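The values are calculated or read from the model by the stated rules, or taken from the named source; none is laboratory data. As the structure is a computational prediction, the values presented were derived from the model and not from experiment. Every residue, glycine among them, receives a Cβ derived from its backbone with ideal geometry; neighbour counts consider all protein chains shown. The area values use the complete protein model at the heavy-atom level, side chains included, leaving out ligands, DNA and RNA. Shrake-Rupley method; radii C 1.70, N 1.55, O 1.52, S 1.80 Å.
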Amino acid sequence: ASASRALQSKDYVQAEVGFREVLRREPGNLGALGNLGVLYSRQNLPAKAVEIYQRALKIAPREPGLILNLGLAYMKLDAHAKAKPLFAQLSLQPSPRQQQALELLGICQLQTGDTASAIATLEPLLAGPQASPGVYHFLALAYVKQQRLPRAQQVLDQLLMRLPTAQANYLEGRVWYDAAIFDQALASFDKAATANAQLPGLALERGKTQLSLRNPEEAAKLLRLALAQDTSDLEARYFLGALLVQQGQNEEATPLLISVREARPDLWGTSYYLGKAQLALGNAAAALPLLRTAASRAPEEAPVHYQLARALQALGRKAEAKLAFARVSRLQSKANSESILMK
């Protein structure tokens, strides 16, 4: 009860201590496991949340709340293929969660490349009275990916009629951004900013879009604003940290990227930019394990292997550096430019 109160009051340190103490005494306590998973999700620690929810589901394998939360944690890790069967299971069970499960299933289908199934799942939800803005967003994106732009625009027009202008334009911009149509995305985000510049998440999306349009100064300004508005925003920390590394501001970038790496150890990009920063700061020994991690997770990324080769060279490991540079030469025919993505 004490740990639950701490969780409700956002005292996450005391909440974790309490739930861990309960689990020390009763390893199978389902309430403590479920709440600990919620705690980690709220702290943007999805890998830890996944571990806890998996433990809980061994005790209660049919508990809908645990299945839903595990799927959501997988989505935070961009592991949509793992989340998809969980939501498919929930979508077949009549319950208050069925609508949400169908929506999340459609999103996972879209994110795993099954656009036709995503449309088949999401389109019927549009006719229902409880269709969330996310249904419009991801259904429009699915139609864009199928090059069915008139239908996509129809869905977006319905969204514009349903929501306040700023929120509708924000979601419209997200559709164009996710479809890599960045000029159109920026136009929608700018309309949203005109209506409500303080809309949560807007500064981040505008910053990411400016980054994709190769406008680093404007991107940095917007990403700093996003981080000022929400200091816990991992995306803002990641993109700003990576951009600062590209701009040579390695000391400022390092703590931002370290915090992202602690929360999302699955992202190889964080290890890459941290390694690149350490190398630029003259810490080749610290850079090497970071760049090795990035290279093992991104074997086809030429920039990663180039920085790894430089670190080996700086440490006097000439034979290994020569092999790494040779790999860079082989990979450069595929891609030789670096773009910032959360990967």
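The set of residues from region 292-303 being assigned to a helix (DSSP H, G or I) and under 21 Å from the mean Cα position of the chain (by Cα) comprises Thr293, Ala294, Ala295, Ser296, Arg297. Out of all the residues in region 69-94, which are more than 18 Å from Asn44 (Cβ to Cβ) and surrounded by fewer than 19 Cβ atoms within 10 Å (Cβ to Cβ)? Ala81, Lys82, Pro85, Ala88, Gln89, Leu92, Gln93, Pro94 - these are the residues of region 69-94 that are more than 18 Å from Asn44 (Cβ to Cβ) and surrounded by fewer than 19 Cβ atoms within 10 Å (Cβ to Cβ). The single residue among Tyr143, Tyr136, Tyr74 that is over 23 Å from Ile181 (Cα atoms) and of a type in the set (Phe, Trp, Tyr) turns out to be Tyr74. Scanning region 151-204 for residues that are more than 24 Å from Leu122 (Cβ to Cβ) and basic (Lys, Arg) yields a single hit, Lys191. Among the residues of region 229-244, those identified as modelled with pLDDT of 95 or more and of a type in the set (Gly, Ala, Ser) are Ala236, Gly241, Ala242. For region 294-315, a residue qualifies if it is open to solvent by less than 40 Å² (accessible area, probe 1.4 Å) and either of a type in the set (S, T, N, Q) or without any contact (Cβ under 8 Å) to a residue 12 or more places away in the chain (or both), and exactly one does: Gln307. Any residue at all in region 265-276 that's surrounded by fewer than 21 Cβ atoms within 10 Å (Cβ to Cβ), without any contact (Cβ under 8 Å) to a residue 60 or more places away in the chain and either assigned to a helix (DSSP H, G or I) or at positive phi (or both)? Looking for residues that are surrounded by fewer than 21 Cβ atoms within 10 Å (Cβ to Cβ), without any contact (Cβ under 8 Å) to a residue 60 or more places away in the chain and either assigned to a helix (DSSP H, G or I) or at positive phi (or both), one finds none in region 265-276, hence no.
Restricted to region 86-184, the set of helices (runs of 4 or more DSSP H) holding at least 1 residues that are over 30 Å from Gly207 (Cβ atoms) comprises 98-111, 115-126, 149-162.
Only one of the numbered conditions (1) open to solvent by 20 Å² or more (accessible area, probe 1.4 Å); (2) modelled with pLDDT of 95 or more; (3) farther than 30 Å from Tyr143 by Cβ; (4) small (Gly, Ala, Ser) is not met by Ala187, and that is (3). Just one of the listed residues (Arg55, Arg20) is in a helix (DSSP H, G or I), more than 24 Å from the chain's Cα centre (by Cα) and surrounded by fewer than 20 Cβ atoms within 10 Å (Cβ to Cβ), and it is Arg20.
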